[in-house]
Each structure stands twice: as C-alpha cells, then as structure tokens.
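Here's the structure, in structure tokens; my notes come after.
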Amino acid sequence: MRSLSTSEIVYIWETGQNQHWVDRALTMLSIAYPDQLVSDLALLSVGQRDAYLLTLRELTFGSKLNGFAECPKCGEKLEFDLNVSDIRLHDLTQPMPLNYTLETDGFQLQFRLPNNQDLAAIAGCQTVEVATTMLTQRCVLKCDRNNQPISSDQLPAIVLSQLSEQMLEYDPQAEIQLALSCPACGHAWSALFDIVDFFWTELSVQAKLLLQDVHLLARFYGWREVDILSMSEVRRQFYLGLIS
Ligand SMILES: [Zn+2]
C-alpha cells in the first residue's frame, strides 16, 4: 500500500459524493489496491477493512488522528489525539480463518464474520431487529440443535447474543470504542470510532482545499487541472505564495 496522491484524493471525494458510506469505504480501498477486484475487497471482514483504511490514512496524512467529541452531559466540545497504532488491532500480515464455530446449550453453529457486502445488504433495514435477523441469516453457514439441522431463525436470543460477542472477539477492529472524559464536568463515556467516516471527512476537506488551489492557479496562469494536481505540495504552495 502507498499514500493517496492529490488526484486520487479528489477522485475519491468526487466519486463518493453520492455514495452510501459502505460504498465509500470500497472506493477508498479500490484506489489503494488497484490490482484487486472490488468484489474481493467487499469480502474483507469489517475489521480487516478498517485496519486497511487506518493504514491508508496513516500513509496519506500521518499516524496522528485529531478527533472531536461533544460531552453528552454538558455539551462541552473537546479535542483529542490518537495514534493509528493505538487502535489498529489487526495484524494485516496474518490471514484470517474463513469460518468459525460456536457450541453452546446444545446448539452448534458454523459462521463467518460480517463483511462489507453484509453491511450493504442491511443498510436499508428499518429496525435493528430486522438488520440483526438478516445479518444472522447471511453469516450463519450451518446451524444444528442436538445434531439436528435447524434454521437460524430458530436460534434463541441468548445464542444470538453469544454469536454477536464471538464475532466481535474474532474481529475486534470492527468496533473501536474510545474512553473519553470531559475536562469541564468530569463525565466519562465511550464513543465509537469510525475510520470510514473519519477518513472520508478528512479526504473531503483536503479535496476541496486542493480544488481551491487549482481554481487560483488555473485562473492566474491558465494551467490545466491535471498539471496543477500533479505538482508537489511545495511547488504548488510556492506559486500560490507568488500570486497572493
Ligand atoms: Zn461535560
């Protein structure tokens, strides 16, 4: 993997404008992995996908992440810093098993971890219950009770809850919780860190800044967009300094 170029940052922003966030994640990864089919990238587990996105972000903008949150108790706005290495839990050099098993209370399950295709499939679900049922149907590959095959719809809530815990245990990168505390009122809470949303926001800001530079330089010098975007940051900023 390598860092995203300026043209690629603008391309991702342009392409992702009207995409669902699930598809934006794939747009970012498909640029980082041009040799891989998008359909294959969609089969990465959610945690693997996020570990790759964290690495792409690290290569493109550096290892320090600047986060913002609002205290749910007093509304105080706070900034916090994170390092990519603090929240990257997956070792990307290690392949992950395709299937896992769960045995509990006479139930035997074979399942796989949720991937980007599953997230796309449940994106339109109206309730969490419907989404959970659909995700279970998709990810449970085999389901027996006392060695007799049953449908995944027949699984009791306690088994579904254990299944969900197991999935997260095997793919911890899929749900990163940050422990935050408010400096104003002392309230402590945990917040979900979503690399897809975080990186997309950063890329959008950067793309718009780049296009502003293109606008100024093209207007002043008459250069083409493609030539301005292929300049180094140092050279582009030098020319911008001359015309300001
Ligand atoms: Zn507070």
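Throughout, read-outs are computed from the coordinates displayed, never taken from laboratory work. What you see is a predicted model; the values in this text were computed from it and never measured. Every residue, glycine as well, gets a Cβ built from its backbone with ideal geometry; the counts of neighbours run over all protein chains shown.
Assorted remarks:
- 196, 38 arranged by Cβ crowding within 10 Å, fewest neighbours leading: 38, 196
- Gaussian network model of the chain, springs between alpha carbon atoms under 10 Å - residue of 88, 112, 145 with greatest fluctuation: 145
- Comparing Cα centroids, segment 83-151 and segment 10-37 end up 24 angstrom apart.
- 12 Å beta-carbon shell around residue 134, net charge (K/R +1, D/E -1): -2
- Residue exposure sequence - 136, 93, 15 - by fewest surrounding Cβ within 10 Å: 93, 15, 136
- Percentage relative contact order, segment 148-199, counting C-alpha pairs under 8 Å, at least six apart: 23 percent
- When the Gaussian network model of the chain links Cα atoms closer than 10 Å, the mean-square fluctuations of 121, 131, 69 top out at 69.
- Surrounding net charge for residue 231, when Lys and Arg each add one and Asp and Glu each subtract one, Cβ distance under 12 Å: -1
- Near residue 65, the amide H atoms lying under 5 Å from its own belong to 82, 83, 84; only residues 5 or more places off or on other chains count, and H is placed 1.01 Å from N.
- Partnerless Cys - the chain, beta-carbon criterion under 4.7 Å: 125, 139, 143
- In the frame of its principal axes, segment 108-209 has Cα extents of 58, 36, 26 Å, reported largest first.
- In terms of other Cβ atoms within 10 Å, 134, 28 run from fewest to most in the order 134, 28.
- Gain on full stretching of the segment that runs from residue 165 to residue 77 - 0.36 nm per residue minus C-alpha separation: 28.5 nm
- Local net charge near residue 59, Cβ-Cβ under 14 Å (Lys/Arg +1, Asp/Glu -1): +1
- Helix 233-243 and the longest principal axis of the C-alpha atoms of the chain enclose an angle of approximately 40°.
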